[in-house]
Amino acid sequence: MLILTGVGTPGLLKRALDVHVRGFMAKDAPPDRLADGIRRVAEGERVIDSELAIAAMRPPEAPLTPRELDVIGAAADGASIGEIAASLYLSEGTVRNYLSKTTAKLGARGRIDAIRIARESGWI
């Protein structure tokens, strides 16, 4: 299967690869490249738009501050609120605030989900 897309985002490319799509190209690619891509996929090759592949290799930019990354990284390592506070020279209330802010910024359901999002995005 070959997907021609007008919205070629790295996330869409990843989802396409997860379902074993053989080709993924921008629909506004030059006609000769599209024809070549169709032929190659029909022959069993995998064809991925090079610009999308390069973009997919770069992790998305973190919406978190360096300090928020420190806190969520320590939480991901299994540190308690008290341990995080002591290691980063913060109060426990400040650590809780950072974790709450991080969860909200990432649109996560909770701390564990925020950690998962940060890990999968390559930020921690």
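The values are calculated or read from the model by the stated rules, or taken from the named source; none is laboratory data. Just so it is clear, the structure is predicted and the values come from calculations on it, not from any experiment. Note that we place each Cβ from the backbone using ideal geometry, even for glycine, and neighbour counts take in every protein chain shown. These accessible areas exclude ligands, DNA and RNA; they are computed on the full protein's heavy atoms, side chains included. Shrake-Rupley method; radii C 1.70, N 1.55, O 1.52, S 1.80 Å.
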Note to self: Whether any residue in the range 84-101 is open to solvent by 70 Å² or more (accessible area, probe 1.4 Å), on the phi > 0 side of the Ramachandran plot and modelled with pLDDT of 95 or more is what I want to check.
What the structure shows: yes
Notebook entry, point to check: What do you reckon, is ALA79 open to solvent by less than 60 Å² (accessible area, probe 1.4 Å) and more than 21 Å from the chain's Cα centre (by Cα)?
Noted result: yes
Check: Any idea how many residues of the range 110-124 are more than 15 Å from ARG67 (Cβ to Cβ), within 17 Å of the chain's Cα centre (by Cα) and either open to solvent by 60 Å² or more (accessible area, probe 1.4 Å) or of a type in the set (Asp, Glu) (or both)?
Finding: 5
Check: In the range 70-124, what count of residues is obtained for those that are among the aromatic types (Phe, Trp, Tyr) and under 23 Å from MET57 (Cα atoms)?
Finding: 1
Next item on the list: Report whether or not LYS105 is over 30 Å from MET25 (Cβ atoms), touching a Pro at 6+ places or on another chain (Cβ under 9 Å), of a type outside the set (A, V, I, L, M) and surrounded by 12 or more Cβ atoms within 10 Å (Cβ to Cβ).
Entry: yes
Item checked: Considering residues of the range 23-55 that are open to solvent by 80 Å² or more (accessible area, probe 1.4 Å) and of a type in the set (A, V, I, L, M) only, the residue nearest to THR5 (Cα to Cα) -> ILE38
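Do we have GLU83 as in contact with a Ser or Thr (Cβ under 6 Å, 6 or more places away or on another chain), over 30 Å from MET1 (Cα atoms) and acidic (Asp, Glu) here?
Details: in contact with a Ser or Thr (Cβ under 6 Å, 6 or more places away or on another chain): no; over 30 Å from MET1 (Cα atoms): yes; acidic (Asp, Glu): yes.
Here the answer is no, as GLU83 does not meet what is asked.
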Margin query: Checking the condition in contact with an Asp or Glu (Cβ under 6 Å, 6 or more places away or on another chain), more than 30 Å from HIS20 (Cβ to Cβ) and not basic (Lys, Arg), which residue from ILE72, ILE81 passes?
Written below: ILE81
Check: Only one of (1) at pLDDT below 95; (2) farther than 19 Å from GLY11 by Cα; (3) acidic (Asp, Glu) is not met by GLU120, so which one is it?
Finding: (2)
Item checked: Residue list for the range 28-66, restricted to those being of a type in the set (Lys, Arg) and under 20 Å from the mean Cα position of the chain (by Cα) -> ARG58
